[in-house]
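One structure below.
No lab work stands behind these numbers, since they all come straight from the coordinates. Predicted model, so just to flag it, every value in this text is computed and none were measured. Neighbour counts run over all protein chains shown; Cβ positions are idealised from the backbone, glycine included.
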């Protein structure tokens, strides 16, 4: 399976593929988890790249690319492997935040890869969570799912991505879930899911700020105690 030189999305260009996928969903046919399961059954020999995954998911919509980048958040992987996905999602969301139309992932990022066995384990761990989320989704309030190209949306995704990347205790699960729900909401044209994911994004940012400030205060307190004058001991 060849890897594309770069991957870009444009809201207008990706809409027909998304609408076609929605039509299949309405007839009880292929969903994102079905596509991912088929990819799992036919993984490339050797190593599996990010480009392989995006290509297998079938279209170049914003939701599809975000889902490919956020899979490690629902499939626990070693720290070194998760770093392979950290830079792409930060780069992609930063482009959206700065208003770039047709935000793209360059070829050198798409060629980042993991072993075939690790890719299989990641998909196996992600699949139950993915299907559980999908069961709650259906096409509705689609106008709320049409946010491709909005700079405020790019800023939110960038902040959400940062909270996923920075390894603070207890802060990774909520932004990770919000990011996956947001991705699937965009793919399924489920405006209600997108709205819930945006609310979870705000909650995740507030929680992250509270944890960060608490750790900072604890660190300053500990530092002041360790530097207390010896004669006061």
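Structure above, values below:
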item	result
Calculated SAXS-style log₁₀ I(q)/I(0) at q = 0.12, 0.13, 0.20, 0.22 Å⁻¹ - region 94-147, Debye, Cα scatterers	-0.58, -0.68, -0.99, -0.95
Residue-span extension gain [residue 118 to residue 196] - 0.36 nm each, minus C-alpha spacing	24.9 nm
Cβ crowding within 10 Å averaged over residues, with 129-141, 152-164 ranked highest first	152-164, 129-141
Full-extension gain in nm, residue 111 to residue 47, via 0.36 nm per residue minus C-alpha separation	22.1 nm
Mean Cβ count within 10 Å, highest first, over the residues of peptides 109-119, 182-192	182-192, 109-119
